[in-house]
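> One structure coming up, written as structure tokens, with questions to follow.
The values are calculated or read from the model by the stated rules, or taken from the named source; none is laboratory data. The structure displayed is predicted, hence computed values, not measured ones. Cβ placement follows ideal geometry from the backbone for every residue including glycine, while neighbour counts extend to all protein chains displayed. Accessible surface is based on the protein model in full, side chains and every heavy atom, while ligands, DNA and RNA are left aside. Shrake-Rupley method; radii C 1.70, N 1.55, O 1.52, S 1.80 Å.
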Amino acid sequence: MTHDHDLVLRPTPAQIEAALNPPPGRNGGDLVVETLTGLGATTVFGLPGQHALGMFDALRRSDLRYVGLRVENNAGFAADAYGRVTGEAAPLLLSTGPGALTSLAALQEAAAASAPVLAISSQVPTAGLGGGRHGYLHELPDQAASFRGVVKSVHTVRAQSQIPSAIAAAWKSALTVPHGPVWVEIPQDVLLAKTSLPVVTAVDATPDELAPRPELTAVAAESLSRAERPAVIAGGGVVRADASGKLLALAEKLNAPVVTTFGGKGAFPWEHPLSLQSWLEDRHTTDFLEDADVLLVVGSGLGELSSNYHTFEPRGRVIQIEADLGKLESNHPALGIHADARLALQALLETVEERTDPGAPDRVREVLGKVRERIAAQELTLEQDVLAAVRRALPPDSPSFWDMTILAYWAWSAFDAQGPNTMHSAQGAGGLGYGFPAALGAAAADPTRPVLAVSGDGGALYSIAELATARQYGLNVTWLIVDDGGYGILREYMTDAFGRATATELTRPDYVALAESFGVPGLRTTPGTLETDLAKALAEPGPSVVVLPAVLRMFAPTHLGTD
């Protein structure tokens with residue numbers, strides 16, 4: 001009798017020959033790149049450093065494509081975007097101490113957005129592990145401790161024979177739902193030492209599936225089938241699970257209106273008769289969702305932004321499908337189903353009964369009409385025109401990456417992503433500087449489509465160095481910089497709260513001249529010419545910069561008790 005656990009990967013004759021006769025001159029770094037290749041990686045991001053040189057030297061003996069950024073945090077953002085758009089674990093090669101620590105903000109965003117990033121860092125020599133103070137360059141008492149509260153799993157290597165298994169375990173962790181960043185660290189001496197180990201050829205790191213418990217989906221299906229006013233909140237978990245088609249089929253079978261969170265942009269067709277779009281920061285939408293007698297929440301923890309700043313108080317039954325166990329029922333009591341969104345939606349599709357509700361589209365139109373009336377009363381024509389111009393200029397299948405800036409906050413609610421997995425922002429962790437380096441990662445993943453990055457001038461200053469990266473690799477990214485002379489949203493927040501703003505105004509460069517100094521075409525536009533200028537820049541191959549001097553305002557919030 002043969003059991004599944006008795007099955008092993010059988011090497012090919014060529015792999016056996018390579019194992020028996022490894023090429024000369026290999027070191028621990030070769031074991032790293034061979035393992036990555038064996039796992040299916042094709043592109044790595046990173047930044048070299050003294051302790052990590054063994055890995056980077058090994059790259060030239062591999063078929064891996066290396067995309068080197070200028071700041072470790074930006075390299076992390078690029079890997080984050082690569083992981084989001086491909087669904088693959090994006091290797092991120094870093095050096096010890098300052099280099100490793102500089103990536104922390106990017107790894108926090110990857111964790112918040114469930115982006116699979118495989119960070120592999122060097123460490124001080126093995127003698128320095130365990131907290132001994134040897135005075136090595138870049139030495140930390142416990143480097144891994146800095147990452148344990150950020151990443152999904154931490155793996156410390158102490159010998160060359162551990163490298164393939166540690167990287168494979170990390171790869172599996174990164175791609176087991178919920179996806180996320182993982183951390184592997186390898187001492188400098190382990191990376192540099194010559195190795196007599198055979199070439200790494202076959203690596204098995206198949207991620208675990210997270211299927212729903214059938215008794216839970218049966219109860220959920222019964223509730224949804226019998227509901228009078230069902231509604232759905234679709235979060236980023238739907239996008240990460242590639243479950244948008246199943247969501248659409250379920251919503252149509254139930255005749256249930258759907259609103260997408262800001263992380264779930266594109267998970268449901270924008271103009272569908274059941275689409276409430278993404279107006280979660282609007283009291284009209286909040287009221288509608290509170291009135292649902294059965295509310296299905298898929299791939300969202302109903303956090304601050306998804307709950308209209310925790311003012312959402314559902315009155316009906318909540319059914320929550322969530323792959324991150326820590327988010328299950330973390331904000332509202334629910335029938336909690338710990339599962340991958342795709343598998344859970346499939347189970348519901350197979351068990352719910354078709355539900356007729358001819359009035360559902362009318363109720364959706366009524367809510368969206370109230371939202372439009374509220375926005376129209378605030379004299380925000382400039383902001384809506386700018387966002388509409390961006391949408392018209394951007395090809396429908398092109399991805400966009402948005403920094404934390406006023407135009408992005410508008411886009412969260414009002415931008416039609418025109419498809420799943422095409423609009424991404426840093427709204428998970430909320431750090432500045434995400435848009436441009438993330439767009440570079442997406443362009444590295446798919447050079448056939450132009451990619452749009454959107455930043456304010458404050459966020460742009462975090463990423464200026466990556467213009468050199470864009471030029472060096474000819475990455476097809478157009479960077480729209482909305483220049484309002486400072487941290488625009490903070491200026492608005494402080495003025496509203498304190499009557500005046502402090503520390504928000506910025507001296508900034510001439511972004512057009514600066515781009516051109518890197519060999520990147522740049523131009524200054526106006527709201528009236530934005531669509532034409534942006535479309536032209538996106539149509540030209542390679543990187544470009546479009547600067548829009550404009551002071552934009554946010555629409556009034558509804559979570560403060562005033563409309």
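> Per-residue HN-Hα couplings for the stretch 312-323, Karplus 6.51 cos²θ - 1.76 cosθ + 1.60 at θ = phi - 60°, whole Hz, x for Gly and Pro?
So the J values, rounded to whole Hz, are 6, 10, x, 9, x, 7, 9, 10, 10, 9, 8, 7.
> Calculate what fraction, in whole %, of the accessible area of the chain sits on carbon and sulfur atoms when a 1.4 Å probe is rolled over the protein chains.
53
> Next question, about the same structure. Could you tell me what percent of the DSSP beta bridges with both partners in the chain are antiparallel, to the nearest 5?
5
> Scan around L335 for amide H atoms under 5 Å from its own, H built in the peptide plane at 1.01 Å from N, and keep only partners 5 or more places away or cross-chain.
Here the answer is V318, I319, Q320, since their amide H atoms fall under 5 Å of that of L335.
> A 28 angstrom limit on the alpha carbon distance is what I want to check against. Which of K253/K370; K152/K194; K172/K253; K172/K327; K265/K327 exceed it?
Flagged as over cut-off: K152/K194; K172/K253.
> Let me ask something additional. Rounded to whole Hz and in sequence order, give me ³J(HN,Hα) for the stretch 28-45 from the Karplus expression 6.51 cos²θ - 1.76 cosθ + 1.60, θ = phi - 60°, writing x for Gly and Pro.
x, x, 5, 4, 5, 6, 5, 5, 4, 5, x, 7, x, 5, 10, 10, 10, 10
> What does the accessible area per residue of the stretch 344-402 come to in Å², with a 1.4 Å probe and no ligands, DNA or RNA counted?
That works out to 49 Å² per residue.
> Pull up all non-local amide H partners of A453: gap of 5 or more, or a different chain, and H-to-H distance under 5 Å with H placed in the peptide plane.
F401, T478, W479, L480
> Using a 1.4 angstrom probe on the protein heavy atoms only, line up M554, M494, M55 by accessible area, largest first.
Largest to smallest exposure gives the sequence M494, M554, M55.
> Sticking with this one: Under the Karplus relation 6.51 cos²θ - 1.76 cosθ + 1.60, θ = phi - 60°, what is the ordered set of whole-Hz ³J(HN,Hα) values for the stretch 181-192, x standing for Gly and Pro?
Using θ = phi - 60°, the values come out as x, 9, 10, 10, 10, 10, x, 4, 5, 5, 6, 8 Hz.
> Not counting the cut sites, what is the longest span of the chain without trypsin sites (Lys or Arg not before Pro) that DSSP labels loop and that have at most 12 other Cβ atoms within 10 Å?
It runs 316-499.
> Taking H as built 1.01 Å from N, whose amide H comes closer than 5 Å to the amide H of G46, not counting residues under 5 places away?
Long-range HN contacts for G46: V67, L69, L93.
> I've got another one for you. Just want to confirm a number: the relative contact order over the stretch 296-447, from Cα pairs under 8 angstrom separated by 6+ residues, in percent.
Relative contact order of the stretch 296-447: 14 percent.
> Net charge near L280: determine it from the other residues with C-beta under 13 Å of the C-beta of L280, scoring Lys and Arg +1 and Asp and Glu -1.
Taking every other residue near L280 into account, the sum is -3.
> Sticking with this one: Find me the longest stretch of the chain that has none of the exposed GluC sites (Glu not before Pro), where exposed means in a DSSP loop (not H, G, I, E or B) with at most 10 other Cβ atoms within 10 Å.
No qualifying site falls inside 1-227, the longest such stretch.
> Same structure, new question: Between D208 and A556, with labels modelled 7 Å along Cα→Cβ, what's the label distance in nm to one decimal, could you check?
With each label point 7 Å from Cα toward Cβ, the separation is 5.0 nm.
> Continuing with this model, one more query. Using protein chains only and a probe of 1.4 angstrom, how many square angstrom of W279 are accessible, to the nearest 10?
Approximately 20 Å² for this residue.
> Let me ask something else. Just the accessible area per residue of the stretch 421-563, please: how many Å² with a 1.4 Å probe?
That works out to 41 Å² per residue.
> Let me ask something else about it. What does the charge add up to near A79, with Lys and Arg as +1, Asp and Glu as -1, over the other residues with Cβ less than 12 Å from its Cβ?
Spelling it out: positives minus negatives among the neighbours equals -3.
> Sum -39500 (n - 2.57) across every DSSP H segment of at least 4 residues in the chain, then divide by the residue count to get the 222 nm mean residue ellipticity, nearest 500.
Estimated from H runs of four or more residues: -11000 deg cm²/dmol.
> Moving on. What percent does the relative contact order of the stretch 440-563 come to when contacts are Cα pairs within less than 8 Å and at least six residues apart?
29
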